[in-house]
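Contents: one structure, followed by commentary.
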Amino acid sequence: MTGSLLIITAFMVIPLLVGVLSARQSQETSEDFFVQGRAMGSIAVFFTVAATWWSAFAFLGSNATFYTSGPVYLTALAWNLLFGFMYYWIGKRVWFLGKRFNYLTPSDLIGDFYNSEALRITVAAITLIFTVPYLQIQLTGGAYLIEVASGGLIPFWLAALLFYFIIIIYVWIGGIRAIAWTDVIYGALLFFGMMYAGYYISSHVGGPAALFSQLQQTSPDHLTLPGPNGNMGYPMWFSLFAITAIGAFMGPQIWLRMYSVKSGKLFNLMPFLLGLAAFAYVGSVLSGYSGVLLEPNVGNPDQILPIMLMNYAPYLLASLIMAAGAAAAMSTANSQIHAVSTVVTMDIYKRYINREASQARIVYIGRLSLVGFSLAAYIMALTVPGVLVTIGIAALAGTAQLIIPTIGAITWKKAHPSAALAGLWGGIACVLLMTFGPLSAPLGFHAGIWGLLLNAVLFIGLSYVLHRRDTSVVERFTQARYDYDAEYHPERLPAYSQPATSNVNYQ
Amino acid sequence: MLTYLTPRKLALYAGILFCFFMLESPIIMWANQIEPMLFGMPFFFLWNLFWWFALTALFLVAYLTNWGSPTKRPTAQ
């Protein structure tokens, strides 16, 4: 017990030290606090993107889904690849525009391109409302692990409180730089933990081959879609793939990790690195399926991994792996808290309350927002019950809707603000009505898929019908896209029928 | 119209689309079976791992070939 408490203590203290160290390089400017002066290096970018993207949803939710619903979570291999591809294809363009026009939030880019205050507010509201439930599941997941690892000595409410207390301190001190530094540690712990937990636990049933062979005899439904409950067929396979990747990618925490990057070249490599990291899910396959054989009657499936670790692994090893799980939760939660505080500060406070705010004042408001949103998520974790994956998917379905106006902004000069607004409202209404309202999602696909479909139809249809009059904004972005292509895709320049003037001589 | 699609870029993107198609289109239901078990794994798992590996490798090739785009000419600076 003493050993595991020491591991938990180390897990709490190390990020504080890292936060203090990183703060020595900080400057009291909003650009440094929110996007590290747009100068984040390659190692930090990879680890902070990967650790932010992989959360309690991945560490605990994956095991729970293999345990209860069969192989549907295996679609995670593809959604990691899709996430990586989007980070290259969309992220690099967002980064370029962010650097050129000094964007800090999703609303900055979308609001600027569409030249619409209504759209700016809508985007800020979506990012805030749908990020908080996803934040809540990180807290819940992390607290589960600390509670179990401490043998119940630290109860859930206290574990969650400690968890957030630590995050607030080091993010307050060091901003995104502290998060990126701690994410290097968390990321390494997380991938090691997932892989080793699977390998170790499956050894109790004779290894991977014996595990699959026994499952084929005792519970073959666990090995094919639609799983033992019969509700996880192809529609859910595809829905999870699309909604998880797009929803997480459109979260404000990932936007900040596009704006923060120092060099455009890094985006080219990220699909490979993020795709490769997905191999860690093999660990979840082994852990979740070992649970079917070893612990078939666990009430809360989200606790299957901690329970198996406590029952089948040496206490210290179990504690270390659970600390890795808590790292998964904390590395996402810290980024989300920081991102929503950025949205509140820049999109609400600076734009509508105090336009003349000094840099120091903006950073101070950002820090206060950290505390407010942490408190909201803490209260939700204590009062709103639910399975991690279920809450997570509903939240991701909301942020996923932002992909349509974003693609419009970076690629299409006909994209119209009213079309983007109608598409977003339509998509969000569809998600809410099919998730919490009287409608049910047709054909078994998740509400988020239908929301995206409606969103896209409204966006494209109305953009073709309506015409923009603010030609100066459209021209400004056409010029920026031209410069982007001149820099990174010179073969595309002939596609510009009337080349914008450029100071880069490719012609 | 799509003159900017160089042959290398076209091949890369076609390969990426094909791998995603094998992983996420309804064709996945054809692979949705336990037998034949290969390397001790159900066929469905091996199918997913194979296409994951193929696409990850393709992303590496894409990186090494600058995603099919010509590298910047020295005079561009």
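In contact with a Gly (Cβ under 7 Å, 6 or more places away or on another chain), among the hydrophobic types (A, V, I, L, M, F, W, C), farther than 20 Å from A:V285 by Cα and surrounded by fewer than 24 Cβ atoms within 10 Å (Cβ to Cβ): does that describe A:I173?
Here the answer is yes, as A:I173 does meet what is asked.
Condition (residue is part of a helix (DSSP H, G or I), within 14 Å of chain B (Cβ to nearest Cβ), within 14 Å of A:F85 (Cα to Cα) and within 26 Å of the chain's Cα centre (by Cα)) applied to segment A:236-243: is it met by at least one residue? Give the derivation first.
Step one: of segment A:236-243, the residues part of a helix (DSSP H, G or I) are A:236-243.
When the remaining residues are screened for being within 14 Å of chain B (Cβ to nearest Cβ), the result is A:236-243.
Imposing the further condition that a residue be within 14 Å of A:F85 (Cα to Cα) reduces the set to A:241-242.
Right, trim to within 26 Å of the chain's Cα centre (by Cα) and you get A:241-242.
Yes, some residue in segment A:236-243 is part of a helix (DSSP H, G or I), within 14 Å of chain B (Cβ to nearest Cβ), within 14 Å of A:F85 (Cα to Cα) and within 26 Å of the chain's Cα centre (by Cα).
Right, A:P106: in contact (Cβ under 8 Å) with a residue 12 or more places away in the chain, more than 12 Å from every other protein chain (Cβ to nearest Cβ) and not small (G, A, S) or not? Answer is yes for this residue.
For segment A:442-466, filtering for residues that are under 25 Å from the mean Cα position of the chain (by Cα), surrounded by fewer than 21 Cβ atoms within 10 Å (Cβ to Cβ) and not hydrophobic (A, V, I, L, M, F, W, C) leaves 1.
Checking each residue in segment A:204-233 for being over 16 Å from A:A64 (Cα atoms) and in contact with a Ser or Thr (Cβ under 9 Å, 6 or more places away or on another chain) picks out A:H204, A:V205, A:G206, A:P208, A:A210, A:L211. Taken as a whole, segment A:300-323 holds no residue that is within 14 Å of chain B (Cβ to nearest Cβ) and not aliphatic (A, V, I, L, M). Within segment A:6-27, can one find any residue that is in contact with a strand residue (DSSP E or B) (Cβ under 8 Å, 6 or more places away or on another chain) and either of a type in the set (S, T, N, Q) or outside the structural domain of A:S284 (by TED's automatic domain parsing) (or both)? Checking segment A:6-27: not a single residue is in contact with a strand residue (DSSP E or B) (Cβ under 8 Å, 6 or more places away or on another chain) and either of a type in the set (S, T, N, Q) or outside the structural domain of A:S284 (by TED's automatic domain parsing) (or both). Just a yes or no: is a residue in segment A:344-358 at pLDDT 85 or above, surrounded by 21 or more Cβ atoms within 10 Å (Cβ to Cβ) and within 25 Å of A:A245 (Cβ to Cβ)? So far as segment A:344-358 goes, yes, one or more of its residues are at pLDDT 85 or above, surrounded by 21 or more Cβ atoms within 10 Å (Cβ to Cβ) and within 25 Å of A:A245 (Cβ to Cβ).
Among the residues of segment A:195-209, write down those that are exposed (fewer than 15 other Cβ atoms within 10 Å of the Cβ) and assigned to a helix (DSSP H, G or I). Selection gives A:A209 alone. The condition of being at pLDDT below 95 and either in a helix (DSSP H, G or I) or surrounded by 17 or more Cβ atoms within 10 Å (Cβ to Cβ) (or both) holds for A:V474. Does A:F46 meet the test of being within 14 Å of chain B (Cβ to nearest Cβ) and under 19 Å from the mean Cα position of the chain (by Cα)? Criteria met by A:F46.
Among the numbered conditions (1) within 25 Å of A:S107 (Cβ to Cβ); (2) without any contact (Cβ under 8 Å) to a residue 40 or more places away in the chain; (3) among the polar types (S, T, N, Q), the only one that A:S440 does not meet is (1). Filtered by the rule that a residue be part of a helix (DSSP H, G or I) and surrounded by fewer than 18 Cβ atoms within 10 Å (Cβ to Cβ), segment A:17-26 gives A:L17, A:V20, A:L21, A:A23. Considering segment B:38-48, the residues that are more than 7 Å from chain A (Cβ to nearest Cβ) and at pLDDT below 95 include one that is surrounded by the fewest Cβ atoms within 10 Å (Cβ to Cβ), namely B:F39. Scanning segment A:255-266 for residues that are assigned to a helix (DSSP H, G or I) and buried (at least 24 other Cβ atoms within 10 Å of the Cβ) gives A:W255, A:L256, A:R257, A:M258, A:Y259.
The residues in segment B:1-27 that are within 7 Å of another protein chain (Cβ to nearest Cβ), within 14 Å of the chain's Cα centre (by Cα) and either outside any helix (DSSP H, G or I) or of a type outside the set (A, V, I, L, M, F, W, C) (or both) can be counted, and the count is 1. In segment A:201-213, the residues that are farther than 17 Å from A:L223 by Cβ and assigned by TED's automatic domain parsing to the domain that holds A:I307 reach residues that are crowded, with 16+ Cβ neighbours inside 10 Å and of a type in the set (A, V, I, L, M) with C-beta atoms within less than 6 angstrom, at least six apart or across chains, in these pairs: A:I201/A:M308. Total residues in segment A:120-148 satisfying the condition of being aliphatic (A, V, I, L, M) and in contact with a Gly (Cβ under 9 Å, 6 or more places away or on another chain): the figure is 7.
Screening B:W30, B:W51 for residues that are more than 10 Å from chain A (Cβ to nearest Cβ) and at pLDDT 95 or above leaves exactly one candidate, B:W30.
Contact map, segment A:149-163: residues that are over 9 Å from A:I8 (Cβ atoms) paired with residues that are of a type in the set (K, R) and modelled with pLDDT of 85 or more, Cβ distance under 7 Å, separation 6+ or inter-chain. No pairs are found. Among the residues of segment B:58-70, at least one is more than 9 Å from chain A (Cβ to nearest Cβ), surrounded by fewer than 15 Cβ atoms within 10 Å (Cβ to Cβ) and out of contact with any His (no Cβ under 6 Å at 6 or more places or on another chain).
The values are calculated or read from the model by the stated rules, or taken from the named source; none is laboratory data. These numbers were taken from a predicted model, which means no experiment stands behind them. Cβ coordinates were reconstructed from backbone atoms using ideal geometry, including for glycine residues, and neighbour counts include every protein chain displayed.
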